[in-house]
Ligand code: SOE
């Protein structure tokens, strides 16, 4: 049911596994919590299989189901195409959707190859000239504490950035018998920890600092090279049979980066950080102060101001749950805190507002291509003798 007093904006979701379910919750929730200028209508969910797509429609709240994304692009009740499929399908679906005049929200990483990402960016820029918008799902940008971190950097409160320490630590592959899912297949996922979670921290560092990673030196490692093939999907682990198959992506990526403002960054993205579940850890040291964040405590930002009197100088713990903080006032009374899913709702809110206002939402495909170029430079460095490798400039 949509708000009868507002013009509708019809949405199609392509892919209804883990990410599709999270995006569905965002589309359901956004108009109920935020005052949106357009009323999202959850028109259709699309997957490869008709009966599981219908089951997803019933469970996740979509009006109808389809097993043909091309047919979905022809529908008049679809204005936005939300792409939550594995990376190898992003380019074809996104480009066709943009050419059909549909706004696009595409999950990260933007694509599996630079060539795909460039073609997607060109299509997005051509579509923007016709008023068709596009956005990439680097959702963690919309965590209130991350927004506050960017604001503090922009206000000059930590001064010139010297060091960035960025980690994305998960442990869902520590067990060597964990199933071989699509995320471990280079043909489908493009890369492993590097693209899946390394892309998030590259984006976050560039977003918070408003600087670019200009060159890198990196190493990639696959610790477990063969696993039991996944038989039934269950989140990103699922169940496995007796057949075994090769892991064709990295389990972990570590790299150093030069920042355009003269600072030095270290990055670590791994699915083998035993005991760490979704620990996105960022620490930024500047000439006037420091910031520190950990997604496992996502309502908190630590901030040190070198200007404080020396006898009270130290990190202060800011609980980012107050009406003054980005997005928070629409939710619960002060102090009650947000979780993983809220960033996805904020993403939908910002996309719908941008479409209504005729503006290009961020992150753009061009910005995501910039992230992709960093990942490519890491792969180039890691495949040789880990030499410093320049990140190519330019959007397309
Ligand atoms: C799996 O590593 C994953 O689901 C990523 O693909 C998401 O982008 C991240 O939000 C959580 O972890």
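Readers should treat all values here as calculations from the given coordinates under stated rules, not as data from a laboratory. Just so we're clear, the structure is a prediction, and the values are computed from it rather than from any experiment. Virtual Cβ from ideal backbone geometry, glycine too; neighbours counted across all protein chains shown.
Quick look at the numbers
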{"read-out": "Residue 55-residue 300 FRET efficiency (beta carbon distance; Förster radius 51 Å; 0.05 resolution)", "value": "0.85"}
{"read-out": "Per-residue Cβ neighbour rank within 10 angstrom, fewest leading, 59, 186", "value": "59, 186"}
{"read-out": "Label-to-label distance, nm, for residues given as residue 67 and residue 172 (7 Å Cα→Cβ offset)", "value": "2.6"}
{"read-out": "Label-point gap, in nm, between residue 340 and residue 260 - each point 7 angstrom along Cα→Cβ", "value": "3.3"}
{"read-out": "At 0.890 mPa s and 25 °C, Stokes D of the range 8-139 from Kirkwood alpha-carbon radius, µm² per second", "value": "168"}
{"read-out": "Inter-centroid distance (Cα atoms) of the range 261-288 relative to the range 84-107, Å", "value": "30"}
{"read-out": "222 nm mean residue ellipticity, helices alone, for the chain (DSSP H n ≥ 4; -39,500 (n - 2.57); rounded to 500)", "value": "-9000 deg cm²/dmol"}
{"read-out": "Extension gain (nm, one decimal) between residue 29 and residue 126, 0.36 nm per residue minus Cα-Cα", "value": "31.8 nm"}
{"read-out": "Semi-axis lengths, Å, the chain, gyration tensor of Cα atoms, sqrt of 5 times eigenvalues", "value": "32, 27, 21"}
{"read-out": "The range 271-353, relative contact order in percent, only Cα pairs under 8 angstrom and at least six apart counted", "value": "17"}
{"read-out": "Sorted by Cβ neighbour density within 10 Å, fewest at the top, the residues 353, 130", "value": "130, 353"}
{"read-out": "Ordering of 297-310, 372-385 by burial proxy (mean other Cβ atoms within 10 Å per residue, highest first)", "value": "372-385, 297-310"}
{"read-out": "Enclosed volume per residue, in Å³, of the convex hull spanned by Cα atoms of the range 228-334", "value": "191"}
{"read-out": "Distance from the range 317-396 to the range 1-77 (C-alpha centre basis), Å", "value": "23"}
{"read-out": "Relative contact order %, the range 8-139, counting alpha carbon pairs below 8 Å whose residues are six or more apart", "value": "22"}
{"read-out": "Pairwise centroid distance, computed over Cα atoms, of the range 184-240 with the range 157-177, Å", "value": "13"}
{"read-out": "Mean separation of Cα contacts under 8 Å (6+ apart) over length of the chain, as relative contact order %", "value": "20"}
